[in-house]
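A short write-up of the structure that comes next.
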Amino acid sequence: MRKLSFIATAFLALAQDSPKPAESPKPAAEAKPTPGEPKPYDKVITKDAVTQKGLFAVHKVKDKHYFEIPATQLGKEMLVVVSFKTAGASLVYGGQEIGNRVVTWERRGNRVLLRNVSHEIRADAKDPISQAVRSSNEHSIIMSFTLEAEGKDGALVIDVGRLFTSEVTEFSARRRMGARGFDGSRSFIDRIRAFPQNINVEAMQTYTAPDAGPGGAPSAPGMRPGTNATIVATYSMIKLPENPMTPRLFDDRLGFFNIRHLDYSSPEHRAAERRFITRWRLEKKDPTAAVSEPVKPIVFYIDPATPEKWVPFVKKGVEDWQVAFEAAGFRKAILAADVPRDDPDFSLEDVRYSSIRWLPSTIQNAYGPHVHDPRTGEILEADIKMYHNILLLQRNWYFSQVGHLDKRAQKFPIPDDLMGELVRFVVAHEVGHSLGFPHNMKASGMYTVAQVRDKNWVAKNGHTPTIMDYSRFNYVAQPEDGIPVENLIPKIGPYDIYAAKWGYTPVPGAGTPEAEKVALHEWLKPQETTPWLRFSMPGAMGIDPTDQTEAVADSDPVLATTLGTRNLKRIIELMPAAFPANGDDYTDLGELYSVLLGQWRRELGHVVTVVGGMDAQNKHWGQNGPVYTPVPKARQKQAVQFLAENVLTTPAWAVKPEVMAKIEPQGAMNRILALQRGVLDGLLSPLKLQRMMENEALNGARAYSPAELLADLRAAVFSELNAAAPKVDAFRRNLQRAYLDEMNARLNRPASPPMVMGPMGARLVALNSTDDTRALLRSELKAIARMAKAKAAAGADAVTRAHLNDLEDQAGKILDPKLAPPASGSGRPTFDGGEWQSCWRDYRLTW
């Protein structure tokens, strides 16, 4: 499993001043003199040719590959999707997309041009400004080919080898891999397949190693210095629909992947950004019926490589979405099917067929991408990838969240009926992505703790309103709640049904996107009275306590985490007996213990976000009330008190001696310190402190101020210093030193802005160097130094006296920039609450 530490290291390497940037890709082909006349067809496509018929004919003549492009396809828009079939660099996986482009083929004399088509800016052809748009949007030439021969009815025959065996900037994987260059001598076309609506090319390509950064580290994420990487890149050239689907306008109050372009024909006094949702084209067989079967249903074919025992559960995960489409007026709109065994022409690489693939990989992940028409957002095809070790991740998460509620999970290996339901859950989530739905972390925060503990509520509505949330299993539920085990796993929920209805229900008589606006606006009104139908506010991740990843009932993170912690104390007692006495070593036990502590870190992170948090509700003109509301002071103080009592006070329950003695010779103290550092790092986030200062400036005593936070933290971290003869144990000495480290990291950080990790990756944030942070932190350090000095001589033992003297000394050095030790936090990512991770990978790094 790949940890985020690799990603963080890579991002930090990028942030260094000295690394040499990667060389820009060289042009794939230099301009050549105009070629001569085409050769006779049979001199190019000889009797040795192996020919396939499809979107256009493909010929292989010895070691050359030719496309024969019909004249009818010239000028027609096609989508080229480039992805890794197999990968040879870290942070890159088979199945990941490299990029995509809309292209057209064009003849210019005896040349054939492959041109890139942009839909980023548009204008009505009847509008005079369309002339300026055309002039500003010349389609760039990706590659120029010599016309080798002409076929029947003016078809153009070209040698396409260079397109796939040289580095073409528009399709290059270099930046994704962190490579320095491309080696054409070790690159070749492996296979080409022609289908009625697409041509698929597999090319083996070799990329050369990057330059080393400081200390021999890579200068970019991915490849390591001294290594080369060979990948198999798949190019799928897909014909776009000749009759484009009517697009549907996007509204950010509801979750849909979307496309965007600038419209220069807008009646607004600016170039308006128009955004359309991505969705499948569903049309009713009977347009007059309230519910009808679609003309063409969405069908997912199950990869024959899928382990047979999981196939029924994979199919259920697909067809679980039928209830959502029925609300939109479509019966049996989505189906699961086996690959036909008696059709030799059937291929999962054919763009006409969507699939769920099972990959023999130890990666603990799954993902559900889709290919869409960039003109309208119409989803054309989807291939969901299930990495084999998603099974291990699901086992670990289920045990660490609800193992105390389900006896089936208390002994490994867990039974197939339980694992099958976990597979079904993962598939349903990924199918949601392939239908156009992104993650929605907000909806789960709209259920109360009481609701997710109510077995009747959960049976009807689930413990989360959407399967698209990172709200895995109901870790808030208590044994006395009596929730059946089948209801501990998320299912298609009220938000999913609502979103499908909004995005897929036809609007009668509306022939344009604008004609649908009135109906779409009306369909959003239920969000006002039914809060769990709301969608994540853009930019609120890590700021809004009700919009968090991996959270159940985050409407009240303190109470939810209180209950979650109570369950973790139960689960850790089950751990030693979970493994069979079959002679295996304790590696799996160590991993499971780390997973359990990782679960607690995530839950603690939900509480951290309450401090300095803002409740956010996405609203547009015509809706009353603010978009951002500061979390009340009392709730923030309650959160700090919870953290003080449960993690800044040494959590002895989290150190299980009989487990530690089996997995490592030492490390318990570091594990506890890591939890405590995470909390301190999150609470002292510079962005969080700035929000709190602004809230105080606007709301006065009603706000929880940074000064109050620091005073509360000092009281929690240095509570022993209130005693007449203080005694500070080893765990608490570590914590107190870590607190000074955090102060040092903020006071003496380098001038470059810190990196902030969010759900969309890393970004640099310029901090306000003129705010009150420096003054407040210096004041706190002086107070700590005075306390340590006053109690040092009275310490109950020699190590406590030495520790207090050291605290005074370190605080003084931090206050003097000339003496300050290196800031341990400088340059590392700053996490402003929440957690950053992909759909399933457990990076175990919070705040």
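The values are calculated or read from the model by the stated rules, or taken from the named source; none is laboratory data. Bear in mind that the values here come from a model prediction, so they are computed numbers and not experimental data. Using ideal geometry, Cβ is built from the backbone for each residue, glycine included, and neighbour counts are taken over all protein chains shown. Surface areas here come from the heavy atoms of the whole protein model, side chains and all, with no ligands, DNA or RNA. Shrake-Rupley method; radii C 1.70, N 1.55, O 1.52, S 1.80 Å.
Given a 1.4 angstrom probe, I'd like the percentage of the accessible area of the stretch 478-608 that is carbon and sulfur, rounded to a whole number.
The computed percentage sits at 59.
Averaged per residue, what accessible surface does the stretch 565-723 expose to a 1.4 Å probe, in Å²?
Per residue, the stretch 565-723 has 41 Å² of solvent-accessible surface.
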Query raised in the report: To the nearest 0.05, how large is the calculated FRET efficiency for LYS460 and ASP286 if R₀ is 30 Å and r is the Cβ-Cβ distance?
Result: 0.45
Query raised in the report: Ranked highest first by the average count of other Cβ atoms within 10 Å around their residues, in what order do 607-613, 719-725 fall?
Result: 607-613, 719-725
Query - Percent carbon-and-sulfur accessible area, the stretch 688-745, ignoring ligands, DNA and RNA, probe 1.4 Å - result: 52
Query - Simple spin-label estimate for ALA450 and ALA634 in nanometres, 7 Å along Cα-Cβ - result: 1.6
Query - Neighbourhood charge, 12 Å Cβ-Cβ cut-off, centred on ASP338 and excluding it, Lys, Arg +1 and Asp, Glu -1 - result: -2
Report task. Taking only the C-alpha atoms, wrap a convex hull around the stretch 484-613 and report its volume per residue in Å³ as a whole number. Result -> 192
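Given all pairs of different Cα atoms, what value in angstroms does the Kirkwood hydrodynamic radius of the stretch 575-713 take?
With all distinct Cα pairs of the stretch 575-713 included, I get 17.6 Å.
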Report summary line: With the label point 7 Å along the Cα-to-beta-carbon line of PHE346 and a cut-off under 20 Å to each amide N, the hits in the stretch 370-394 are 381-386
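What full-extension length gain, to one decimal in nm, is calculated for THR530 and ALA802 as 0.36 nm per residue of separation minus the Cα-Cα distance? It would help to have the intermediate numbers written out before the result.
Values: separation 272, 0.36 × 272 = 97.92 nm, distance 5.87 nm.
Result for the pair: 92.1 nm of gain on full extension.
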Query raised in the report: Averaged per residue, what accessible area in Å² does the stretch 375-504 show with a 1.4 Å probe, protein chains only?
Result: 26
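Can you pull out the chymotrypsin sites (Phe, Trp or Tyr not before Pro) in the stretch 604-660 that DSSP calls coil and that have at most 13 other Cβ atoms within 10 Å?
TRP621
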Report summary line: Total charge of the residues flanking LEU713 in space, meaning their Cβ is under 11 Å from its Cβ, with Lys and Arg +1 and Asp and Glu -1, is -3
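Can you work out D for the stretch 263-367 in µm² s⁻¹ from Stokes-Einstein, where Rh is the Kirkwood radius over C-alpha pairs, the temperature is 25 °C and the viscosity is 0.890 mPa s?
Estimated via Stokes-Einstein, D reaches 146 µm²/s.
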Query raised in the report: What's the extension gain from GLU293 to ASP809 if we count 0.36 nm per residue and subtract their Cα-Cα distance?
Result: 178.1 nm
Query raised in the report: What spacing in nm lies between the two simple spin-label points modelled at GLU326 and ARG260, each 7 Å away from Cα in the Cβ direction?
Result: 3.7
Query raised in the report: For the stretch 496-542, with equal point scatterers placed on the C-alpha atoms only and solvent neglected, what are the log10 I(q)/I(0) values from the Debye formula at q = 0.15, 0.22, 0.23, 0.31 1/Å, to two decimals?
Result: -0.49, -0.87, -0.91, -1.17
Requested in this report: Please report, to one decimal in angstroms, the Kirkwood hydrodynamic radius of the stretch 332-409 built from all distinct Cα-Cα pairs.
Outcome: 15.4
Query raised in the report: Which pairs break 21 Å Cα to Cα here: LYS64/LYS239; LYS309/LYS385; LYS637/LYS688?
Result: LYS64/LYS239
Query raised in the report: Ignoring any ligand, DNA or RNA, what whole percent of the accessible area of the stretch 257-371 comes from carbon and sulfur when the probe is 1.4 angstrom?
Result: 50
**Report entry** Where labels lie 7 Å past Cα in the beta-carbon direction, separation of THR169 and ARG408 in nm
**Finding:** 5.6
Report summary line: Note: the stretch 365-404, point scatterers on Cα, Debye, no solvent; log10 I/I(0) at q = 0.16 Å⁻¹ equals -0.57
Report summary line: For the stretch 636-706, inverting the pair-averaged 1/r of distinct alpha-carbon atoms gives a Kirkwood value in Å of 14.3
Query - Full-stretch length increase - ALA652, THR72 - with 0.36 nm per residue and alpha-carbon distance subtracted - result: 201.4 nm
